[in-house]
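A.B. asks: Can you read through this structure? Questions will come right after.
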Amino acid sequence: MKNFEPLNLNSILSAEPALHLLFWVVYFFYPVLKYGDHSNYQFSLPTSLTSLLLGCILAYIFYFFLLPRKDSIPGFVIITVISVFLTSLIYCLIIHQTTNCDCNLRVCVLNHIFHFGSILLVFFTVFFIKQTYHKERNLQSIKREKIETDLKGLRAQIHPHFLFNTLNTIYSHALNQEKIVSTLILKLSDNMKYMLYEGQKDKVPLKDEVNHILGYIDLQKARLENKIEVKINDTIEDRERLIAPLILICFVENCFKYTSIIPGEGHSIDIQIGLTGNEFYFRCSNPFDPKSNLQADASWTESGIGLRNVKKRLELIYPKSHSFNYLSKENVFVVELKIIL
């Protein structure tokens, strides 16, 4: 037996104009289909065209202008009710004047309030289905983007350049039979373990994220030695507060990455981490030399996940609850991040 494919809502939405046309055709001829066999019903073209015209105007004002802007529910309801009442009144007045109908105007208005209200209910249902579909599709897209950015962040941290540089540092110390070798191996192990396991969680305690950063800094200090001077200011009040993992490390990575290619020694890297109340604050600055960056290997400069990807990840995880800025001034690159945790 042939399997039936599920209903493709996207295909239906693409044919929406044709469906609208079909709806109005059915609407126009519905009285004929319903009452055509009754002797007391007489089709009136002016009456039907008037009803169709006013119905279209009301429906599409409601569909394209009111529904997308319903910021205030009470105001939205009031405007809708007034629109339906005025449309019904206009229709009934036109019919009274053109047909000399002696029917009760109040009853006529009440009937057509229900009549035009039913049309709006149909369009509201269509709009609600479309909005639900688009929200679900956007949610799925956000989930895919989050997975992709998380994977990019993970790949950036386990990039061969970082591993090779760290292993070379350990090897050079091993040749000198220094005791620091075992410490560096342990830090590298902790670093990899954190990225592979804790980095896959949605949230981790701040203390774990900071310890991961400090371990990474120790590895870089052992590698670069006198080339850098690192200053860290930690003012975190609640170290158990949760934060998304592997966001801060990319900024720290860039600090060492672009400082390491600058000639000379004693380059200063400044890192500030703080939490006051619910506001988390992170700031890092490092020297930046555009000429040295141009001379660097292209594959090396492209190995990080990039500030754009970090910005996207922040928007996915902390929408409307963070601020992220970076600037380059007087050969110093500064990144500032604030998150409401």
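The values are calculated or read from the model by the stated rules, or taken from the named source; none is laboratory data. Every value quoted in this text rests on a predicted model; they were computed, and no experiment measured them. Virtual Cβ from ideal backbone geometry, glycine too; neighbours counted across all protein chains shown.
A.B. asks: Quick one: what pairs do we get from segment 182-193, first residue touching a residue at least 24 places away in the same chain (Cβ under 8 Å), second assigned to a helix (DSSP H, G or I) and aromatic (Phe, Trp, Tyr), C-beta under 7 Å, 6+ apart or different chains?
C.D. replies: Asn191/Tyr216
A.B. asks: Right, another one. Hey, can you tell me all the residues within segment 179-204 that are surrounded by fewer than 12 Cβ atoms within 10 Å (Cβ to Cβ) and more than 24 Å from Leu341 (Cβ to Cβ)?
C.D. replies: Residues satisfying the conditions are Lys179, Leu186, Ser189.
A.B. asks: Quick check on this structure: which one of Lys227, Lys231 is of a type in the set (D, E, K, R), under 30 Å from Tyr318 (Cβ atoms) and surrounded by fewer than 21 Cβ atoms within 10 Å (Cβ to Cβ)?
C.D. replies: Every option except Lys231 fails the conditions.
A.B. asks: Something else: Which residue pairs have Cβ atoms closer than 6 Å, lie 6 or more positions apart in sequence or on different chains, and pair a first residue in segment 213-226 that is assigned by TED's automatic domain parsing to the domain that holds Gly264 and free of Cβ contacts under 8 Å to residues at least 40 places away in the same chain with a second residue that is in a helix (DSSP H, G or I) and surrounded by fewer than 19 Cβ atoms within 10 Å (Cβ to Cβ)?
C.D. replies: As it stands, the answer is Gly215/Asp190, since those pairs meet every condition given.
A.B. asks: Separate question: When segment 46-74 is examined, which residues are found to be surrounded by 12 or more Cβ atoms within 10 Å (Cβ to Cβ) and within 32 Å of the chain's Cα centre (by Cα)?
C.D. replies: Scanning segment 46-74 gives Ala59, Tyr60, Ile61, Phe62, Tyr63, Phe64, Leu66, Leu67, Lys70.
A.B. asks: For Ser172, indicate whether it is modelled with pLDDT of 70 or more and either touching a Gly at 6+ places or on another chain (Cβ under 6 Å) or among the small types (Gly, Ala, Ser) (or both).
C.D. replies: Against the criterion (modelled with pLDDT of 70 or more and either touching a Gly at 6+ places or on another chain (Cβ under 6 Å) or among the small types (Gly, Ala, Ser) (or both)), Ser172 does not qualify.
A.B. asks: Within segment 175-209, which residues are of a type in the set (Lys, Arg) and at pLDDT 75 or above?
C.D. replies: Lys187, Lys193, Lys201, Lys203, Lys207
A.B. asks: For segment 316-341, which residues satisfy the criterion of being closer than 17 Å to Gly274 by Cβ and of a type in the set (D, E, K, R)?
C.D. replies: The answer is Glu336, Lys338.
A.B. asks: Report every pair of residues separated by at least 6 positions or lying on different chains whose Cβ atoms are under 6 Å apart, first residue within segment 314-330 and over 21 Å from Leu341 (Cα atoms), second assigned to a strand (DSSP E or B).
C.D. replies: Qualifying pairs under 6 Å: Leu327/Val334.
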